[in-house]
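Here is the structure we will look at.
The values are calculated or read from the model by the stated rules, or taken from the named source; none is laboratory data. Everything quoted here is computed from the prediction, not taken from an experiment. Quick reminder, even Gly has a Cβ in these numbers, built from the backbone with ideal geometry, and neighbours come from all protein chains shown.
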């Protein structure tokens, strides 16, 4: 079979130096196939390189995002640890207050708050493979913390109400002397200066000049302003909690029934009205209808 050739002429500017090449058809075909394969291989490599560069860019972006999430999760885990510590301190404070005030300690108050899971360092070590689980655990911890906060808020509300009642009770205690002067007669049995017989003296007698001020020993409401043969001009103050104080032999009364007074307010003036041997204040404390020794309440 006769070989087939392709003839290639190279014609330079000078026609006298024309060059001619003869290429066998099979060789040319082989060269073309090789060039085609080479072009396709180069195209694939170029495409793969471009795709690799794009994926590398995406990978860097994901790494950056992952690093940011890592920092956020670490900060979140740190905050959860701080909140756990603060909640533990609040629970201890709550317990101390209840012991001091003799209030009942709720059941389960000694339980330790179960928050945090692994430490932030452990979290970061396993972040690549368990990030979703870690986030889920943190959400669970947040829900538990909310429950603890609500329980603690309820406990502090109970403490606040109790302390308010105690504060109100203390404000109602006749804790100061109602007048300055000399204690001329105490609570208890004594010889009556009028009859010479032994009788019960149901209060304190504080002697001072006529017009000396008489002060409310505690907060309360004036419940009675009156005059009797024995105690002369007198005032009653209802302090609540079953406590009533009584003031007799007054020269003047500076309050009226229904007047709300505070500890230290001037309510009257010492006098010599009624059956009295000299100017003084007769002062009584009545608890649930029974006269008690006023000196047991006086703190000053």
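Yes or no: residue 78 part of a helix (DSSP H, G or I) and within 30 Å of residue 143 (Cβ to Cβ)?
Yes.
Can residue 218 be described as within 27 Å of residue 166 (Cβ to Cβ) and buried (at least 18 other Cβ atoms within 10 Å of the Cβ)? Steps first, please.
On the way: within 27 Å of residue 166 (Cβ to Cβ): yes; buried (at least 18 other Cβ atoms within 10 Å of the Cβ): yes.
It is true that residue 218 is within 27 Å of residue 166 (Cβ to Cβ) and buried (at least 18 other Cβ atoms within 10 Å of the Cβ).
So, in the stretch 152-193, of the ones that are in contact with a helix residue (DSSP H, G or I) (Cβ under 8 Å, 6 or more places away or on another chain) and assigned to a loop (DSSP other than H, G, I, E, B), which residue ends up nearest to residue 94 (Cα to Cα)?
Among those that are in contact with a helix residue (DSSP H, G or I) (Cβ under 8 Å, 6 or more places away or on another chain) and assigned to a loop (DSSP other than H, G, I, E, B), it is 174.
Right, residue 52: out of contact with any strand residue (DSSP E or B) (no Cβ under 6 Å at 6 or more places or on another chain), part of a helix (DSSP H, G or I) and farther than 30 Å from residue 150 by Cβ or not?
Here the answer is yes, as residue 52 does meet what is asked.
Filtering the stretch 224-258 down to residues that are within 42 Å of the chain's Cα centre (by Cα) and under 21 Å from residue 177 (Cβ atoms), which residue is surrounded by the most Cβ atoms within 10 Å (Cβ to Cβ)?
Restricting to residues being within 42 Å of the chain's Cα centre (by Cα) and under 21 Å from residue 177 (Cβ atoms), the top hit is 237.
From the list 42, 76, 21, which residue is surrounded by 10 or more Cβ atoms within 10 Å (Cβ to Cβ), in contact with a strand residue (DSSP E or B) (Cβ under 6 Å, 6 or more places away or on another chain) and not assigned by TED's automatic domain parsing to the domain that holds residue 137?
21
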